[in-house]
Amino acid sequence: MRNSPGRRIHSVAQASFEAWTKYYRPDANTPNTTVSYYTKGALVGLCLDLTLRREGKTTLDAVVRALYERCYAASNPPTGMTEHDVRAVLQDLGGRSFAREIAAWVHGTDELPVETLLQEAGIDLLKRDADLGRQWGLRCKEDGSILVQAVFRGGAAEVAGFAPGDEWLGVEVEPTFPGAHTAWRVRSLADVKACLPPAAAQDKKDKKTPQRLTALVARDRRLLRLNLELPAKAEPHWKLQIAADDGTRKNWPWA
């Protein structure tokens, strides 16, 4: 979800409401205009459950069971569930209003407090470098050539001028010594990284020093040169790991 720029402009409630006109009609710009209500919805559920467990009055499991009783088992005919029902059950079982959380997490576009809540529950988050495409702000197909499928808003590829449908054919780099070859054919993003001069590769230890190259791109039968500045930092992949037991696991349902 963190690699979907659309999360900053489209709430999970909006994504659900417009699913049939946006999410289920994807195009190359979909990651920039919406967020998966499946993915973000699961994380909203996680945040809600961890918050309920932290406060010690109920859990999301109990809330869902109560919603079933309220909206189906006790209704003849079943009435269906509304947001009002969710708020009411949360108030009843949780002992307070959860309107602020619903407004922020379901109807808002700010980042969810996943990291904080997981750490409070005894889960450490280990961050690893994302794949090269995510680091550079694009999604592509690599099969004998690099075919750009999506360009993410705010990423290095968008700044350079890449567009969906581009075929990335080669790179030009600054010569490392007089007479050094500077233009190379590439067939994968790993090839692109391998073409970076050693000095640039060493400089990446300095987070202030970007790596630069010229991408040779085919678009609509034209050959283009795009100046690409590779970022020193990117949204990482996360790996979850159980933390040393400091008493936080006592609220785990399986502990």
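The values are calculated or read from the model by the stated rules, or taken from the named source; none is laboratory data. Nothing here was measured: the structure is a model prediction, and the numbers come from that model. Positions of Cβ are generated from backbone atoms using ideal geometry, with glycine treated the same way; all protein chains shown enter the neighbour counts. Areas reflect the complete protein model, heavy atoms only, side chains present, ligands, DNA and RNA absent. Shrake-Rupley method; radii C 1.70, N 1.55, O 1.52, S 1.80 Å.
Helix 37-55 and the longest principal axis of the Cα set of the chain meet at an angle near 50°. Working from Cα positions, state the angle (0 to 90°, nearest 10) between the long axis of helix 83-94 and the longest principal axis of the chain. Computed tilt is about 70 degrees.
Taking the protein heavy atoms of region 38-147 in the context of the full set of protein chains, the accessible area attributed to carbon and sulfur is 52 percent at 1.4 Å.
Per residue, what accessible area does region 101-176 have, given a 1.4 Å probe and all protein chains present, in Å²?
Using a 1.4 Å probe on heavy atoms only, each residue of region 101-176 averages 47 Å².
Report the FRET efficiency, 1/(1 + (r/R0)^6), for R185 and A19, where r is their Cβ-Cβ distance and R0 is 51 Å, rounded to 0.05. Walk me through the intermediate numbers first.
Details: r = 42 Å, r/R0 = 0.82.
Calculated transfer efficiency: 0.75.
The helix-only estimate of mean residue ellipticity at 222 nm for the chain, built from DSSP H runs of length n ≥ 4 each weighted as -39500 (n - 2.57), is -9000 deg cm²/dmol after division by the residue total. Radius of gyration over Kirkwood radius for region 1-138, both on Cα atoms: the Rg/Rh ratio is 1.02.
Measuring nothing but how far apart in sequence close Cα pairs (under 8 Å, 6+ apart) lie, relative to its length, region 31-161 scores a relative contact order of 20 percent. Taking every lysine pair in the chain that is 8 or more places apart or spans two chains, those with Cα atoms closer than 23 Å amount to 26.
Each semi-axis of the equivalent ellipsoid for region 38-100 is √(5λ) with λ an eigenvalue of the Cα gyration tensor; in descending order they amount to 21, 14, 10 Å.
If the only charges are +1 at each Lys and Arg Cβ and -1 at each Asp and Glu Cβ, what is the size of the charge dipole of the chain around the Cα centre, to the nearest 20 debye?
280
Over region 96-173, the pair-distance histogram of Cα-Cα distances with 10 Å bins from zero comes to 15, 28, 24, 21, 10, 1, 0 percent, rounded to whole numbers.
With Rh defined as the Kirkwood radius, the inverse of the mean 1/r over Cα pairs, the Rg/Rh of region 65-222 is 1.23.
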